[in-house]
Every structure is written in C-alpha cells, then in structure tokens.
Amino acid sequence: MSARRVLLALVVAALFSSGCGRDEPADAGPTSSDSPSQASPSSTPSATRPPYEVIKGPLGRCGPQPVAASEAGYKYLKLRDPAVGTLPAVRAGKGRTVVVLLHQTDGNGFCGWLDFGSTLAADPRLSVLAFDTCGYAEARCQGDPDQVAPVRVAVRYARQVMHARRVVVMGASMGGSVALMAASRVPGIATAVDLSGPMTWDGMETIRQGRALRVKVLVAVADSEGEDEVRGARRIVDNAPEGSEFVPAESGHGYELLVDREGRRTPIAERVVRWLEAS
C-alpha cells in the first residue's frame, strides 16, 4: 500500500472514532419543538410558533397577523345605527380608557389596527375599539354619511356598552384627519391622536387653524410628507388647547409611525402609549 493510501485510511479511521458516524450528530443541540416533552427548560411556546398566523373566524379576512394580535382576544361585533348603517368592528382589553381606532384607506378596514391594537389592549388601563368606516371593507352604510357619523356610533358604544370612563380617538392617515374632526364635533371625546392625517382632507379647514378643537391633541407627521404637511400639523398643535403635542419623525406614514417594517414598536409608539395612558 502506498504512503498516500495509508494516510487516507488513517484519516477515515480517525473520523469514525470521533463519533461522526453516530445516528445523532456530535454537535446536536436541544431537540426540536416537535417533541415538547424533550424541550429545553429555556424554551417558550411563543419561540416555537410561527411569527404570523390567520385568526380563526370572522377575523380570518385580515389574513396572517402577528401572533400577539391572534392572542389579544379580539371580540368581533357589529355597530348598528339606523341613520348610519352597519359597521363591522372588534374590541379587546379591559381598561376604562377606550381608544377608538380609525383606519387608513388601504381597503381592509380595521384589520390594519390589529397589530398595534394588541399592544394597547395588553395595557390594563386601556381597551380598544376598531371598526370599518363607511365606504371601506365590509361596512354597509346608509347613503353617503359624513365620516364623523360612524365615530359618533363608536363613541356611543364605548360609553354605553364598554362603560368607558374616557374615550380617545386615534387615526392613521385618513383616520387621523377624521379623528381631529371628530374631536371638534363629537361630545364625550377626551383627546385625539392623529398619525399622518392629510391637511387637505375635506372638513379640515377649521381644524388647520386649531380653532375648532376643544380638547388637546397629539399630532405626528414625518418630514417625508413634505413641508406643507409638517407646517400644517405644527399649526394645528400651536393653536390647539394647552397640552397638545407635535411629534416629528424622519419618515413613515400612518401605521408605519408605530410599527416598523421588521414589526418592532417605534419610539413614537411608546410616546403615543404614554399619551393614551395619561389622557
């Protein structure tokens, strides 16, 4: 046998003697979640679940949602008013401050709020109520009502059924503008949060001057929206009741100001939660 073959035989023998030929690799870690009884003590259920899942029942229309949203305990319901129509909605949480969430114009109604809404619902001081506003998703409205009209229905439900001590309206994009308009026209609203509400939305004329607002507001707008939008938002806050706040950002629109593309809560989200807790 040549020296080269002798060397090769020695290498193979060394590999087998080191255990590489066993059924389980030598560097095998803890067993997988397929065998829960053998999971390591540090394992947690959330660590082994998929990051997104479809919520069973009516909320399945929202498609895959973060696990936190599926675990928030959302209750599906319908807000009904003879003058407005039928508004599919969800509620969650046990707090006595009810946050009425107004969605963007992305076509899927309240679904856009399920992620961040789960964060709010987990706060013992807060509850959330999100609904499809007229003209979007599965809402069925009478005629062509003012977008503030559905907010009146939601505020009434929050007061009468959820027994809210305080009601806050918070909206993203279109919903942000509607939140400010509702705060100027609907009794019983303690404060409003506007995330990227367009300054040119119908009905915003008096709001832009701050004269119509009767409650303090928080307005967040990113520089990427343009100088006119930022200037308009600052003007609203400057003319609004004492205690109102303007929150700047570099980029992002609506929901993106609260949850980034990796699904992480932003500093603005933390600031909004503190505002809601103190409202």
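The values are calculated or read from the model by the stated rules, or taken from the named source; none is laboratory data. Predicted model only: the values in this text are computed from it and were never measured. Because the Cβ atoms are built from the backbone with ideal geometry, glycine has one as well, and the counts that use them run over all protein chains shown.
Contact annotation: residue pairs with Cβ atoms under 6 Å, 6 or more positions apart or on different chains, pairing a residue in region 195-217 that is on the phi > 0 side of the Ramachandran plot with a partner that is in a loop (DSSP other than H, G, I, E, B), are Ser196/Ser173; Ser196/His253; Gly210/Ala240. Applying the condition of being over 17 Å from Gly109 (Cβ atoms) and among the charged types (D, E, K, R) to region 131-178 and asking which residue is modelled with the lowest pLDDT yields Asp144.
Taking the criterion of being buried (at least 19 other Cβ atoms within 10 Å of the Cβ) and either closer than 9 Å to Asp81 by Cβ or touching a helix residue (DSSP H, G or I) at 6+ places or on another chain (Cβ under 9 Å) (or both), the residues of region 155-167 that qualify are Val155, Ala164, Val167.
Across region 139-178, the number of residues qualifying as closer than 20 Å to Val90 by Cβ, out of contact with any strand residue (DSSP E or B) (no Cβ under 8 Å at 6 or more places or on another chain) and not in a helix (DSSP H, G or I) comes to 3.
Residues in region 114-138 that are of a type in the set (Asp, Glu) and part of a loop (DSSP other than H, G, I, E, B) were compared, and the one that is surrounded by the fewest Cβ atoms within 10 Å (Cβ to Cβ) is Glu138.
Taking the conditions exactly as written (under 21 Å from Ala269 (Cα atoms) and without any contact (Cβ under 8 Å) to a residue 24 or more places away in the chain), does Val230 satisfy them or not? Considered against the rule, which asks whether it is under 21 Å from Ala269 (Cα atoms) and without any contact (Cβ under 8 Å) to a residue 24 or more places away in the chain, Val230 comes out as yes.
Residue-wise test of (1) in contact with a helix residue (DSSP H, G or I) (Cβ under 6 Å, 6 or more places away or on another chain); (2) modelled with pLDDT of 95 or more; (3) among the hydrophobic types (A, V, I, L, M, F, W, C).
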{"residue": "Leu77", "(1), (2), (3)": "no, yes, yes"}
{"residue": "Arg80", "(1), (2), (3)": "no, yes, no"}
{"residue": "Val84", "(1), (2), (3)": "yes, yes, yes"}
{"residue": "Ala89", "(1), (2), (3)": "no, yes, yes"}
{"residue": "Val100", "(1), (2), (3)": "yes, yes, yes"}
{"residue": "Thr105", "(1), (2), (3)": "yes, no, no"}
{"residue": "Asn108", "(1), (2), (3)": "no, no, no"}
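Screening Ala72 against (1) among the aliphatic types (A, V, I, L, M); (2) at pLDDT below 95; (3) buried (at least 16 other Cβ atoms within 10 Å of the Cβ) leaves a single unmet condition, (2). Where strands (runs of 3 or more DSSP E) sit wholly within region 179-279, those with at least 1 residues that are of a type in the set (Ser, Thr, Tyr), modelled with pLDDT of 95 or more and in contact with a strand residue (DSSP E or B) (Cβ under 7 Å, 6 or more places away or on another chain) occupy 191-195.
Residues that are crowded, with 20+ Cβ neighbours inside 10 Å and under 19 Å from Glu270 (Cα atoms) within region 233-252 comprise Val247, Ala249, Gly252, listed in sequence order. May I ask you to verify whether Pro51 is over 20 Å from the mean Cα position of the chain (by Cα) and modelled with pLDDT under 95? Against the criterion (over 20 Å from the mean Cα position of the chain (by Cα) and modelled with pLDDT under 95), Pro51 does not qualify.
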